[in-house]
Amino acid sequence: MKRIIPVVLIGVALIFSSFALCEAKTIVKYGHVGPPVHPQHHGAVAFAKYVTEKTKGELEVQVFPLGQLGGERSMTEQVQAGTLHMTAVTASVLANFVPEMGIIELPFIYPNREAAYKVLDDKEVKERFAKLCDAKGFVFVGYTENEFRDMTNSKRPIKRPEDLKGLKIRVIEGPIFIDTFKTFGANPTPMPFPEIYNALQQKVIDGQDNPLYTSILMKFTEVNKFATVTHHILTECPVVVNKKFWNSLTPEQQKIFREAAEVQVKTNRDGNAKNRTEALQKAKAQGVDIYMLTDADREAFKKAVQPVLDKYKGVYGADLYDFYMKKIDFYSKKK
């Protein structure tokens with residue numbers, strides 16, 4: 001009997017030690033609304049893999065795409081409340097919580113993608129974004145990206161701002177998108193991303209704005225046969241983490257998160273670059289009527305949105321607005 005007791009004790013000790021190992025692993029839930037086949041999701045998966053591997057499984061990041069954990073606004077609320085660890089949220093939706101973050105998605109402000117990326121990756125810009133998010137309970141760690149946005153609809157070709165008049169267009173649940181499309185004379189209709197296809201199919205809305213490749217992936221071009229390559233807004237999705245959870249991480253784990261964010265943005269952007277070359281071909285193969293804005297068309301749109309830029313200069317304050325526009329101007333001229 002005396003020999004049996006130590007064996008039993010050893011067995012009990014092993015059981016408790018296995019429980020301790022299980023408890024040592026932290027599951028980190030990361031939600032976003034991008035489809036699983038999109039580079040945004042591929043970037044998030046690369047983030048998760050990096051964190052899990054570098055922490056040797058102490059942190060296991062689980063990614064939930066396509067709004068499985070809720071719409072963008074809902075997930076942002078969850079992160080702020082601490083019921084979700086992290087999310088990648090469109091800047092205009094994040095602006096409902098951190099108003100100044102909407103500056104990323106002002107319409108027609110970037111001359112090209114190269115300048116936009118240099119602005120977003122600028123150290124001073126990222127530091128200002130981090131400070132703004134911190135004040136509202138978020139830790140800003142980086143970006144995912146949808147792409148430059150284009151327009152599709154079921155009614156007619158869109159060549160000039162007046163062509164949008166009266167059209168019911170689904171927009172992101174963010175004030176900049178609503179104001180921009182109101183300025184064009186459209187009827188902006190905010191709704192979560194996963195609801196777009198059914199709304200288009202049932203004629204609840206006439207059109208929507210998303211990068212052409214996204215519209216193809218989500219089959220929006222099955223029911224919207226008019227597309228205009230406008231590149232009117234660059235949809236960047238800041239990645240934000242709950243502040244309390246972030247503070248529970250060790251300095252080394254926080255460093256790994258930031259490294260993973262760099263891996264994520266590269267994976268995302270590289271994937272988008274590849275897909276851009278395929279988007280036009282696929283849309284044409286589907287019988288979509290595609291219109292590319294001329295320089296004159298683009299100037300008409302830029303003129304139309306000037307009231308939006310003026311309004312948000314007041315919202316963000318001249319200091320931040322001028323700082324950001326000077327960064328765009330600087331990188332636009334830099335070779």
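Listed values, structure above:
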| item | result |
| --- | --- |
| Residue selected from the stretch 208-226 under the condition closer than 27 Å to Val315 by Cβ and not charged (D, E, K, R), by the criterion modelled with the highest pLDDT | Gln208 |
| Condition met for Val139 (in a helix (DSSP H, G or I), touching a residue at least 12 places away in the same chain (Cβ under 8 Å) and either β-branched (Val, Ile, Thr) or open to solvent by 10 Å² or more (accessible area, probe 1.4 Å) (or both)) | no |
| Checking Gly185 against (1) more than 30 Å from Phe301 (Cβ to Cβ); (2) surrounded by fewer than 16 Cβ atoms within 10 Å (Cβ to Cβ), the condition it does not meet | (1) |
| Flag for Phe323 being assigned to a helix (DSSP H, G or I), surrounded by 14 or more Cβ atoms within 10 Å (Cβ to Cβ) and touching a His at 6+ places or on another chain (Cβ under 9 Å) | no |
| Residues satisfying the stated conditions in the stretch 145-182, i.e. assigned to a strand (DSSP E or B) and either open to solvent by 50 Å² or more (accessible area, probe 1.4 Å) or touching a Phe, Trp or Tyr at 6+ places or on another chain (Cβ under 7 Å) (or both) | Glu147, Thr152, Asn153, Lys168, Ile169, Val171 |
| Sole exception among (1) under 17 Å from the mean Cα position of the chain (by Cα); (2) modelled with pLDDT of 95 or more; (3) of a type in the set (A, V, I, L, M); (4) in a helix (DSSP H, G or I) for Val240, by number | (4) |
| Subset of the stretch 73-129 (residues that are closer than 21 Å to Pro192 by Cα, open to solvent by 10 Å² or more (accessible area, probe 1.4 Å) and not aliphatic (A, V, I, L, M)) | Arg73, Ser74, Glu77, Gln78, Gln80, Thr83, His85, Asn96, Phe97, Pro99 |
| Sole exception among (1) outside any helix (DSSP H, G or I); (2) over 25 Å from Ile328 (Cα atoms); (3) open to solvent by less than 30 Å² (accessible area, probe 1.4 Å); (4) among the hydrophobic types (A, V, I, L, M, F, W, C) for Phe245, by number | (1) |
| Unmet criterion (only one of (1) open to solvent by 30 Å² or more (accessible area, probe 1.4 Å); (2) within 27 Å of Lys326 (Cβ to Cβ); (3) of a type in the set (Phe, Trp, Tyr)) for Tyr213 | (2) |
| Complete set of residues in the stretch 36-87 that are touching a residue at least 40 places away in the same chain (Cβ under 8 Å) and among the aromatic types (Phe, Trp, Tyr) | Phe47, Tyr50 |
| Filter result (open to solvent by 70 Å² or more (accessible area, probe 1.4 Å) and either outside any helix (DSSP H, G or I) or within 29 Å of Lys165 (Cα to Cα) (or both)) within the stretch 265-285 | Arg276, Gln281, Lys282, Lys284, Ala285 |
| Residues that are in contact with a strand residue (DSSP E or B) (Cβ under 7 Å, 6 or more places away or on another chain) and either among the hydroxyl-bearing types (Ser, Thr, Tyr) or not in a helix (DSSP H, G or I) (or both), drawn from the stretch 71-88 | Thr76, Gly82, Leu84, His85, Met86, Thr87, Ala88 |
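The values are calculated or read from the model by the stated rules, or taken from the named source; none is laboratory data. On a predicted model such as this, the values are computed, not experimentally measured, just so you know. Ideal geometry is used to build each Cβ from the backbone, glycine not excepted, and the neighbour counts take in all protein chains shown. The protein model used for the area step is the full one, side chains on, heavy atoms only, and it has no ligands, DNA or RNA in it. Shrake-Rupley method; radii C 1.70, N 1.55, O 1.52, S 1.80 Å.
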